[in-house]
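Below is one structure, written out as structure tokens; the observations come after it.
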Amino acid sequence: MNLYINQVQNKENFRSAIYAGDIFLNTDLSAAKDLCALAKESITAAFEGETEHQTLHRKMPVETFVELVTRLKGQFTNGPRAKELIRNFIIEIGADPRDYIFDVPRIRVVPNYDYLHAGVSYAYKPHRDTWYGSVDCQINTWMPVYTIEPEQTMMINPGYFTQPVKNSSVDWSLADWINVQRHRAKDNLTEEVRVHPVPLEAIDTSREIRVAGNTGEMLIFSGSHLHGTVPNHTDRTRFSVDFRIMHIEDLKQKRGAPNVDNGCSDVEAGFKDFFHANDFSNFLGVNQ
């Protein structure tokens, strides 16, 4: 695995590098900074004017926190400005938005683990996004809204990129997640009762890496990397923004990262949530 610093804009074959497991860290993308600024505005609006975002969990019962986070997620994900900034990102890295589709942008809210680690703030176990029905050519982006420490971040375990992990993805349905389970997030306050695809063997954590970045410093990596939420035992809530892009021709030609262990069988169920990056029209499938 290679780590490229501030090079995604100048690397013509960046997709091939990502499909091979390489990771890009970019600290100076304007679109990433703008997405984090939008996230801060959205948090203030959803939490009714509160501006001390990293301590919000100290100021209210968890039930209120979950209600307001649910509002925040809906507003951020479905707002037009976030989609515009994803298009700006594609242009900024020197690519053509007409060649890409994207999944809706998401804002993640991870408060102190003992306060909440389920539902709207689920602490994801080590997983590949392909276990959740993502395509092999999915390119992930992830950035913190505020400066974070290693104890607050997301981990990536690159040692498993080509090493299979026994997991439960064969028994997991993306269609059921989209239509039923996703909407139950707000009901999970003390325990995550929704079924997720998870490892069925112990993971060697000595090989994981944790990048503690500043506002808008973006990681770009394959969705096939094993990654997950670092349980946040600090007293500061971690906010992050992520979105996923896919090259249309790579999707059609089945180019992407190697599938070493994914068993999810209904990948197409997620296509209806994708948008064309040039005009935000819905992506209907590889045959459209």
Exercise for the section: Work out, step by step, the length gained on full extension between T234 and Q7: first 0.36 nm times the residue separation, then minus their alpha carbon distance; give nm to one decimal. Expected result: 78.5 nm
Practice task
Report Rg(Cα)/(2.2 N^0.38 Å) for segment 99-243, keeping two decimals.
Solution key: 1.02
Completion exercise
Amide H neighbours of N167 at under 5 Å, excluding residues fewer than 5 places away on the same chain, with H built from the backbone geometry, are L200
Fill in the blank from the handout: Taking the dipole of the chain about the Cα centre (Lys, Arg +1; Asp, Glu -1; charges at Cβ), the one of Q9, L85, F221 that reaches farthest to the positive side is L85
Problem - Residue order, fewest to most surrounding Cβ atoms within 10 angstrom, among D204, D136 - result: D204, D136
Completion exercise
The ³J(HN,Hα) series, computed from each phi in segment 176-188 with the Karplus coefficients 6.51, -1.76 and 1.60 at θ = phi - 60°, rounded to the nearest Hz and given as x for glycine or proline, is 5, 4, 5, 8, 10, 5, 4, 6, 9, 4, 5, 8, 9
Exercise for the section: Within 10 Å of each residue's Cβ, count the other Cβ atoms and sort L284, L189 from fewest upward. Expected result: L284, L189
Practice task
Would you work out the charge dipole size for segment 83-154 about its Cα centre, treating the Cβ of every Lys and Arg as +1 and the Cβ of every Asp and Glu as -1, and quote it to the nearest 20 debye?
Solution key: 180
Practice task
Please give every one of the lysines within straight-line cross-link reach of K125, meaning a C-alpha to C-alpha distance under 16 Å, and leave out same-chain neighbours fewer than 8 residues apart.
Solution key: K166
Problem - Choice from N112, N179, N232 showing the highest fluctuation, given a GNM over the chain with Cα pairs closer than 10 Å - result: N179
Completion exercise
Length-normalised contact order of segment 173-278, Cα under 8 Å, at least 6 apart, in percent, tallies to 61
Handout entry: log₁₀ of I(q)/I(0) at q = 0.10, 0.12, 0.15, 0.18 Å⁻¹ - segment 1-119, Debye sum with one point per alpha carbon
Key = -0.41, -0.58, -0.82, -1.00
Handout entry: Cα-centred dipole magnitude for segment 1-158, charges only on beta-carbon of K, R (+1) and D, E (-1), debye, nearest 20
Key = 200
Completion exercise
Normalised Cα Rg of segment 88-150, dividing by 2.2 N^0.38 Å with N its residue count, works out at 1.41
Handout entry: segment 3-276, relative contact order in percent, only Cα pairs under 8 angstrom and at least six apart counted
Key = 34
Fill in the blank from the handout: Computed from the beta carbon distance with a Förster radius of 35 Å, FRET efficiency for S16 and T51 to the nearest 0.05 stands at 0.25
Problem - Where only alpha carbons of segment 209-288 are counted, the Rg and the Dmax (Å) - result: 16.2, 48
Exercise for the section: Kindly give Rg over Rh for the chain, based on alpha-carbon atoms, with the Kirkwood expression for the hydrodynamic radius. Expected result: 0.93
Fill in the blank from the handout: Expected max-MSF residue from T229, T153, T55 in the GNM of the chain (alpha carbon, under 10 Å) is T55
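None of the figures in this text is laboratory data; all of them are computed from the coordinates on show. Worth saying up front: this structure is predicted, and the values here are computed from it rather than measured. All Cβ positions, even for glycine, are placed from backbone atoms using ideal geometry, and neighbour counts span all protein chains on display.
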